[in-house]
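Shown next, in structure tokens, is the structure this report addresses.
Each value in this text was obtained by applying a stated rule to the coordinates, not by laboratory testing. Note that this is a predicted model, so its numbers are computed, not measured. Quick reminder, even Gly has a Cβ in these numbers, built from the backbone with ideal geometry, and neighbours come from all protein chains shown.
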Amino acid sequence: MKKNTLLALLPMLLFGAYRLVSKKQGDFAEPGESQAGSQGEDSGPFLFEQKKAFKGVKIPNKYFRNVDIAILYFFDNLKREEIHKALGCFTKIKSGEDIYFVNKVFYNGEFNPDTEYPLEYNIYRDLKELSILNERALGVLGFITSLVLNEDNPINSLKKNGNSFLVESFEDARIVFENLNTKYLKTIDVLEIDVPSSELMNSDAPFNYYRREASLNGALDKTERTVLFTYDNNQYFISFTLVKFEEGWKIDNFGAELSLNTPPGHFVCYRVNKEEYFELIK
């Protein structure tokens, strides 16, 4: 055997020898094995046994009697950091709705294989549910970040490079870590839930548009709401689009496309006072 080959194999041979010795001494566990006398403590430099299983996040699928209850439930769970329950407010794909796929592509007059799938087929439905959940989770994350990184946050004192903050010292890193704390979410309190641009939203045009949009996605109705809420002694404004199914109402996304011209998924919230809020939504 060539010298170069032996040198290449040497680390693996040494590691194999270490495993035999360590296992004999009780310092090493294969996956699924327990270590006698360890009492759950790590006794070696390598850890191959997962001490605490990750159970995953189970997202409930909640429907609500009206739009106000859906929004209040979202904020209530957000302030308690029950994110899985907050995500349960958002829409999910309903199984067996291939008829709506046919209606949608017929109405649009085209089919886009990047975004449209017949959900009668399980693999499309399951993957679509995961993609929508991921999209909504990123929206909630963005919403939380826009709150935490408000104009009073010390992170904003750091130099910026585009959307990034420059971390030029260990102290800067400590500032970032400490001021991304979500402890002030518990101070959230909903003050107002309103119909934005009520004159427009109560007219026939948006009513017919949203009814048509809802029917193409297996829903009965669709509407928009704005919310004024407090966070850490300041007032903020955010908007939502909601949809109604036979079972009840759900939040479809952040944003109010018709009334406020904010695109779907627009999760950024704005600091306002009450007068500014009512001026924005009139």
Note the direction-averaged projected area, equal to a quarter of the hull surface, for the Cα convex hull of the stretch 67-281, in nm². 14.0 nm²
Only Lys, Arg, Asp and Glu count, each charged at its Cβ (+1, +1, -1, -1), so figure out the dipole size of the stretch 67-281 about its Cα centre, rounded to 20 debye. 340 debye
Listed by chain and number, the residues whose amide H is under 5 Å from that of residue 231, excluding neighbours fewer than 5 places away on the same chain and using placed H, are 236
How far apart, in nanometres, would the label points at residue 115 and residue 268 be if each is projected 7 angstrom from Cα along the Cα-to-Cβ direction? 2.1 nm
Around residue 245, which amide H atoms from residues at least 5 apart in sequence, or from another chain, sit under 5 Å from its own amide H, with H modelled in the peptide plane? 220, 250
I need the GluC sites (Glu not before Pro) found in the stretch 182-282, filtered to DSSP loop residues with at most 10 other beta carbons within 10 Å of theirs. 246
So for the pair residue 167, residue 233, with labels modelled 7 Å out along Cα→Cβ, what separation do we get in nm? 2.9 nm
Pop out the ³J(HN,Hα) list for the stretch 58-71 in order, Karplus 6.51 cos²θ - 1.76 cosθ + 1.60 with θ = phi - 60°, rounded to Hz; leave Gly and Pro as x. 9, 9, x, 10, 9, 10, 10, 5, 8, 5, 4, 5, 4, 5
Normalised by the residues of the stretch 117-243, what does the relative contact order come to in percent, with Cα pairs under 8 Å and at least six apart? 18 percent
Exposure proxy order (Cβ contacts within 10 Å, fewest to most) of 269, 89: 269, 89
Enumerate the amide H contacts of residue 192 below 5 Å, restricted to partners 5 or more residues apart or on another chain; note that Pro and chain-start residues carry no placed amide H. 228
Choose one of 231, 266, 84: the residue whose Cα lies farthest towards the positive end of the charge dipole of the stretch 67-281 (beta-carbon charges +1 Lys, Arg; -1 Asp, Glu; about the Cα centre). 84
